[in-house]
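Just below is one structure, and these are the notes that go with it.
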Amino acid sequence: MKYVIPIATLIAGFAGGVWIAGDTHTEQAQAEKTYICPMHPTVVSDKPGTCPICNMDLVAKEMDSGHSHEARQDSETYICPMHPTVVSDKPGTCPICGMDLVKKEGDTSPSQNGQVQIDPTVVQNIGVKTIVVKQQPLKHTVRALGRVDYDETRIMDVNSKIAGWVEQLYVDYTGQWVKKGQPLLALYSPELVAAQEEYLTALDYAARMRESAGRDVARNAADLLSAARQRLLYWDISADQIAALEKTRQVGRTMPILAPRAGIVTHKDVLEGAYIGAGQHLYRIADLSVVWIYADVYEYEMSWLSKGQRAEVTLMYLPGERFDGKVDYVFPFMNQKTRTVQVRMAFDNTDGALKPDMYADVVIRPEVAGKAIVVPAQAVIHSGTRRVVIIAHGKGKFEPHEIRTGVETEDGYEVLTGLNPGDQIVTAAQFLIDSESNLRAALAGFEGG
């Protein structure tokens, strides 16, 4: 019976004066007594000794005669369905797993390009699966953990440009939503009272000069009125408030400070009855209709990112709901400790679901190319610097083929050269086929030498 095992075992056998049955048979050896290993029946010697694999003593066995090496090559071949490298010239059992050997049809010798033919029964038993190579969009998924934050362009501080006392506080807690132009507090300021009186005096004087004085005097009165009005505007007194002052002709003891924009009060630093100085911070108002989400992306994924790409996030407290946005900015520097680059994304938040300081799962889906040949990652055999796939030619014929790969995507590897659309490649059990091809090529070269 002839068995084939890996070439490393062959070399070890020759080093110890032991050879593998079927590899070097002569007419003289057929008539002599032979010795085999009880644990490894494929180890055969023409004299007593020990097994080079397990060091057990070899036992004597009579050799079958009447068959030359050339005759066995023309006889029927039997192989193990689970271990295709076990080959015999007659029925029997596999010395590795004990399964019955099955008859193998056709030529099993490797071709010059490494092509092998495997019995269809073996192909089915070892679970070979194939797919047809095709072109498809080349996409990649970048996943990261994000943090919701305020849109910095939509934050505004409110402070007083004139000193005074807070007579009444209309917005008195953090988190309160305000509209644009809504009164925040009522401020009493002697300077503001004096400015209102000056404006009303200038208004009356300008009206009298227009009716009775000359052109130059009237123009000077108008300039004086304009300067008094501008002074009020510089103190953030709105045009509507000035118009109300002109209409009533009554100086208000207090003047309200209005919200410059709509939003949420995120910070409050004023109390009713307090004295505030010019320039003192009072409120911070943030518009949350749009929020930013920051994510840290690792260095090796930076080549995939660019401004304007589509992004989506999901939140832990809203399972199944997805929010769509886009990459707004990729920071030009890297975090030295984490080796990541920060990416900023903008998201619509009209319904207020995205709250600052929340964590979110971020997915960015850049598209690298419109069409490219992509093969599954499990179909590629990494052999040192080479990338190999097994091409299925049909009828049990397989051929290892070297390819050149590009970027790795969520669907597999981009193939730059080595495959064409329509080629059929193996995606499962390709390692067994590749080993079979290499082993047969090695044994063919050994026997030929």
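Here is how the numbers come out for the structure above:
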quantity	calculated
Other-chain or far-sequence residues with amide H under 5 Å of residue 387's (modelled H)	403
For residue 346, net neighbour charge (Lys/Arg +1, Asp/Glu -1) across residues whose Cβ lies under 15 Å away	-2
Cα-based convex hull volume of region 130-170 per residue, rounded to whole Å³	182 Å³
Extension gain from residue 188 to residue 97, taking 0.36 nm per residue of separation minus the Cα-Cα distance	23.0 nm
Placed amide H near residue 424: partners under 5 Å, 5+ positions off or other chain	133, 392
Rounded D (µm²/s) - region 161-279, Kirkwood Rh over Cα pairs, Stokes-Einstein at 4 °C, 1.567 mPa s	82 µm²/s
Residues 333, 347, sorted so that the one with the fewest Cβ neighbours within 10 Å comes first	333, 347
Ranked 170, 300, criterion: other C-beta atoms within 10 Å, fewest first	300, 170
Of 90/395; 179/307; 129/326; 103/134, those spanning more than 31 Å from alpha-carbon to alpha-carbon	179/307; 129/326; 103/134
Dipole moment magnitude, nearest 20 debye, region 303-416 about Cα centre, only Lys, Arg, Asp, Glu C-beta charged	520 debye
Contour minus Cα-Cα distance for residue 302 and residue 247 (0.36 nm per residue)	13.5 nm
Under Karplus coefficients 6.51, -1.76 and 1.60, residue-wise ³J(HN,Hα) of region 188-202 in Hz, glycine/proline x	9, 9, x, 5, 5, 5, 5, 5, 5, 5, 4, 5, 5, 5, 5
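Rule-based calculations on the coordinates, nothing more; no lab input. Small disclaimer: the values here were computed from a predicted structure and weren't measured. Neighbour counts run over all protein chains shown; Cβ positions are idealised from the backbone, glycine included.
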